[in-house]
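Participant: This is the structure I have questions about; it appears just below.
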Amino acid sequence: MAAPPVLTLQETRLGYGGTPLFEDLDLTLSQGARACLVGRNGSGKSTLLKVLAGLVEPDSGSRVMQGGQRLAYLPQDPHLPSGQSVGDFIAEGLPQDEADVGRYRVDAMLDLLNLDGEAVLGSLSGGETRRAALARMLVSEPDIMLLDEPTNHLDLPTIQWLEGELARFRGAFIVISHDRTFLENVSNTTLWLDRGRIRQLNKGFAAFDDWADEVAREEEQELYRLRKTIEREEHWLQRGVTGRRKRNQGRLRRLQELRKSRAEMMQNQPGQLSMAAAEAGTSGKVVIEAENITKSFTRPDGQEVQLVNGFSTRIRRGDRVGIVGRNGAGKTTLIRLLLGRMEPDRGRVKLGTNLEVQVFDQQRESLDPEATLWETLCPLGGDSVMVGGRQRHVVAYLRDFLFDERQVKQPVHSLSGGEKNRLQLARLFAQPSNLLVLDEPTNDLDMDTLDLLVEVLDDYEGTLLLVSHDRDFLDRLTSSVILMDGRGGAQEYPGGYSDAVRQAGGLPDARTLREKPGRKARQEGQEQATGGKPKATAPKLSYKEQRELDGLPDRIAKLEVEISDLEAQLADPDFYSRDPQGFQAATDKLENRRENLARCEERWLELEDKRERLKEGKDS
């Protein structure tokens, strides 16, 4: 039996004055669906998600959501209200009937996502902003989730944690992401927004490439058959009997319709991205040599943060080195040390000869938001750009990166995230280099652009330094990977990302990775001050665990009362005939409360058992 639909769009159309983004679009999200929404940049994926969320009104069509469902939406670029604390912002996501007792979930989420509940919104980094928005969504316990690029700016431990959360989620969700491995791990349905229509495959993203190839072959065959039919009609009209004028006019009209159909099919074929990296002369055989480099910083509170401790490497011409670590682990610092743009506290860095370095900055700080695309590529004026020693007209070059001629005079700030990344790649690849440094180049790019970027970098004869959280991207490109643990440790392993994690015995535990960098330095300082190791404290529940344990009995009692009231209400034999919708809503609410009660009781037993074991260990 098919799962019931929880959210549907019917005959939906949306356009902004020109060609509609989609027309006569039908989409059904069923209970339990774990759908990924894929499509090229600019195809309308984010807009479609906003329509599903009820934030954008379509020009026509209908949106229906099953009654009693709670929907949560995560935008691609969350804009959080300034001045509010992170903890209060997340707590506002709690269901209204649980706001008084659900604070323990907020505390647990702050701990899991390494967020400071007292921090003020507006002062957070991109990764912290996204984690706060994710936390608010998850504590709301929604039935439907719509997630637009949730992995952007997240580190790998957090991405893997999110995969686990989505695997445990009992409702339905649609997710947009450029991260192939993430989509393969979380999806069981694939929605493909392609030239204004939705195609659906009842399989996860792992089957997408074969499916897309099959669709392309079918379209080629259809186009071929259409062309042959047109050729036959043209031949008949040229050699047919001219006296049978009426029949000829009918065949002529059919020929015109066939030609129109072919033109529409050709027009709807997606544009082809074209890019290549301009290369400079050959660098020296050894590009970078680092020996026992160490770098620490002192925070405003006086705590020492060690980001790199005794790291050594030798990077040779043509190497492709990936750098992986949690946010704040020191990846950017390591890059700056290796490029000689920052002096190490100890150790030495030697750069090779004849280096031409180009850097892709994930923050896009080098892009002037007020400049036009034309001015970005031609800052000194003129209408051409030098690409690998060859002069190209700026419009033609931008067309290679899928920019429309009408966009070249638009300001950079009007572009989407994916378009800004393509513009930055266009400028980067126009400059000759033999050492490319790419800091999170995959953010906001669609699958086609990512695949072509991999091909371009694979053909690049220079040396690559890649900072990325995209596991598939790293596996396809890197010859070695440096894993950074966030406490100064950095170890290089041969092979791709999967090879490095296997050799390292897995990524460090997410909770270990979130340990504050200054903790070791504080402990060492305490040892020096006391002449030995700090005095061990008696084992006990953490403050947050104890607070959660203290609040659970009241929560359980409240749920038991609600369940009793609902069971009494449903025991009324006339309830269903009098109010079928109310009966269904009460049934769903009862099931939800019973599930919550089971979870609370299980958590109470877990924490009580842990408390008793810690107490026994202390007494013994």
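Participant: Scan the range 190-199 and give yes if some residue there is modelled with pLDDT of 90 or more, touching a helix residue (DSSP H, G or I) at 6+ places or on another chain (Cβ under 7 Å), closer than 24 Å to GLY506 by Cβ and surrounded by 15 or more Cβ atoms within 10 Å (Cβ to Cβ), otherwise no.
Facilitator: Among the residues of the range 190-199, not one is modelled with pLDDT of 90 or more, touching a helix residue (DSSP H, G or I) at 6+ places or on another chain (Cβ under 7 Å), closer than 24 Å to GLY506 by Cβ and surrounded by 15 or more Cβ atoms within 10 Å (Cβ to Cβ), which makes the answer no.
Participant: Something else about it: In the range 406-421, what residues are among the hydrophobic types (A, V, I, L, M, F, W, C) and part of a loop (DSSP other than H, G, I, E, B)? Spell out how you get there, then give the answer.
Facilitator: Within the range 406-421, the subset among the hydrophobic types (A, V, I, L, M, F, W, C) is 408, 412, 415.
Across the range 406-421, the qualifying residues are VAL408, LEU415.
Participant: Given the residues ARG594, ARG613, which is the only one that is modelled with pLDDT under 80, assigned to a helix (DSSP H, G or I) and basic (Lys, Arg)? Steps first, please.
Facilitator: Working: ARG594 fails: modelled with pLDDT under 80.
Sole residue among the options that is modelled with pLDDT under 80, assigned to a helix (DSSP H, G or I) and basic (Lys, Arg): ARG613.
Participant: Same structure again: Within the range 369-391, restricting attention to residues that are at pLDDT 85 or above and of a type in the set (D, E, K, R), which residue is farthest from the chain's Cα centre (by Cα)?
Facilitator: GLU375
Participant: Mind checking which residues of the range 20-43 are surrounded by fewer than 20 Cβ atoms within 10 Å (Cβ to Cβ) and either hydrophobic (A, V, I, L, M, F, W, C) or on the phi > 0 side of the Ramachandran plot (or both)?
Facilitator: ASP24, GLY32, GLY42
Participant: Would the range 464-477 turn up any residue that is under 25 Å from GLY164 (Cβ atoms), assigned to a loop (DSSP other than H, G, I, E, B) and either at pLDDT below 80 or not hydroxyl-bearing (Ser, Thr, Tyr) (or both)? If you could, list the steps in order and put the result at the bottom.
Facilitator: So in the range 464-477, the residues under 25 Å from GLY164 (Cβ atoms) come out as 467-476.
Checking the rest, the ones that are also assigned to a loop (DSSP other than H, G, I, E, B) come to 468-470.
Subsequent filtering for residues that are either at pLDDT below 80 or not hydroxyl-bearing (Ser, Thr, Tyr) (or both) retains 469-470.
Yes; the residues of the range 464-477 include at least one that is under 25 Å from GLY164 (Cβ atoms), assigned to a loop (DSSP other than H, G, I, E, B) and either at pLDDT below 80 or not hydroxyl-bearing (Ser, Thr, Tyr) (or both).
Participant: Here is a follow-up. If GLU118 meets every condition in (1) touching a helix residue (DSSP H, G or I) at 6+ places or on another chain (Cβ under 9 Å); (2) closer than 18 Å to LEU146 by Cβ apart from one, which number is that one?
Facilitator: Single failed check for GLU118: (2).
Participant: If you don't mind, another one. If the requirement is being farther than 20 Å from LYS50 by Cα and not small (Gly, Ala, Ser), which of these qualifies: LEU115, LEU134, LEU147, LEU138? Give the steps one after another, and end with the answer.
Facilitator: Values: LEU134 fails: farther than 20 Å from LYS50 by Cα; LEU147 fails: farther than 20 Å from LYS50 by Cα; LEU138 fails: farther than 20 Å from LYS50 by Cα.
Selected residue: LEU115, the only one of LEU115, LEU134, LEU147, LEU138 that is farther than 20 Å from LYS50 by Cα and not small (Gly, Ala, Ser).
Participant: Quick check: is even one residue across the range 304-319 under 30 Å from ARG390 (Cβ atoms), part of a strand (DSSP E or B) and aliphatic (A, V, I, L, M)? Lay out the reasoning, then the answer.
Facilitator: Just the residues of the range 304-319 that are under 30 Å from ARG390 (Cβ atoms), to begin with: 315-319.
Checking the rest, the ones that are also part of a strand (DSSP E or B) come to 315-316.
From what is left, the residues that are aliphatic (A, V, I, L, M) are 315.
Among the residues of the range 304-319, at least one is under 30 Å from ARG390 (Cβ atoms), part of a strand (DSSP E or B) and aliphatic (A, V, I, L, M), which makes the answer yes.
Participant: Additional query: Any residue at all in the range 422-435 that's of a type outside the set (D, E, K, R), at pLDDT below 80 and in a helix (DSSP H, G or I)? Let's see the steps before the verdict.
Facilitator: Start the filter on the range 422-435 by keeping residues that are of a type outside the set (D, E, K, R), which leaves 423-426, 428-435.
Checking which are at pLDDT below 80 leaves us with none.
Within the range 422-435, not a single residue is of a type outside the set (D, E, K, R), at pLDDT below 80 and in a helix (DSSP H, G or I).
The values are calculated or read from the model by the stated rules, or taken from the named source; none is laboratory data. Since the structure is predicted, the reported quantities are computational estimates derived from the model, not experimental observations. Because the Cβ atoms are built from the backbone with ideal geometry, glycine has one as well, and the counts that use them run over all protein chains shown.
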